[in-house]
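The values are calculated or read from the model by the stated rules, or taken from the named source; none is laboratory data. This structure is a prediction, so every number in the text was calculated from the model and none was measured. Don't worry about glycine lacking a Cβ; one is built from the backbone with ideal geometry, like all the others, and counts go over all protein chains shown. To get the accessible areas, we keep the full protein, side chains included, count just its heavy atoms, and leave off ligands, DNA and RNA. Shrake-Rupley method; radii C 1.70, N 1.55, O 1.52, S 1.80 Å.
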Amino acid sequence: VGQLIVERQKSTKWGDKLFDTLAHDLSQSFPDMKGFSKINLKNMRLFAYHYPQNEFSQALPDQLTWTHHIV
C-alpha cells in the first residue's frame, strides 16, 4: 500500500485529503480488516519511501516491529 502511494504521488498531485479518502475507501472495501487509518497509511508511505527497494533481508523484519520502523 505504501509503495503504491509513493508511486502515485510522484506522478500525480495527490494532496493530504488522499489519506482521508483512501482510509475511508479501504475500510469500506475491507470491513473485516483493520489498520487503514489515516496515520497508518501515512506510516506505510514513509516505510515504502525509506525502503524503496525492499533493502532488508527477512531477518530484519523479524527483529524489528512495525513500531520500531515508525520511530
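Descriptive notes on the structure:
- Only residues that are open to solvent by 50 Å² or more (accessible area, probe 1.4 Å) and in a helix (DSSP H, G or I) were counted in the range 10-19, giving 3.
- Lone unmet requirement of (1) in a helix (DSSP H, G or I); (2) at pLDDT 85 or above; (3) open to solvent by 50 Å² or more (accessible area, probe 1.4 Å) for L22: (3)
- Of all residues making up the range 42-52, the number that are assigned to a loop (DSSP other than H, G, I, E, B) and either among the hydrophobic types (A, V, I, L, M, F, W, C) or more than 17 Å from W66 (Cβ to Cβ) (or both): 1
- Being hydrophobic (A, V, I, L, M, F, W, C), at pLDDT 75 or above and more than 11 Å from the chain's Cα centre (by Cα) is a property that F36 lacks.
- Of all residue pairs spaced 6 or more apart or on separate chains, those with beta-carbon atoms under 7 Å, a first member in the range 28-41 that is under 18 Å from V71 (Cβ atoms) and in a loop (DSSP other than H, G, I, E, B) and a second member that is of a type in the set (A, V, I, L, M, F, W, C) and modelled with pLDDT of 90 or more are S37/A23.
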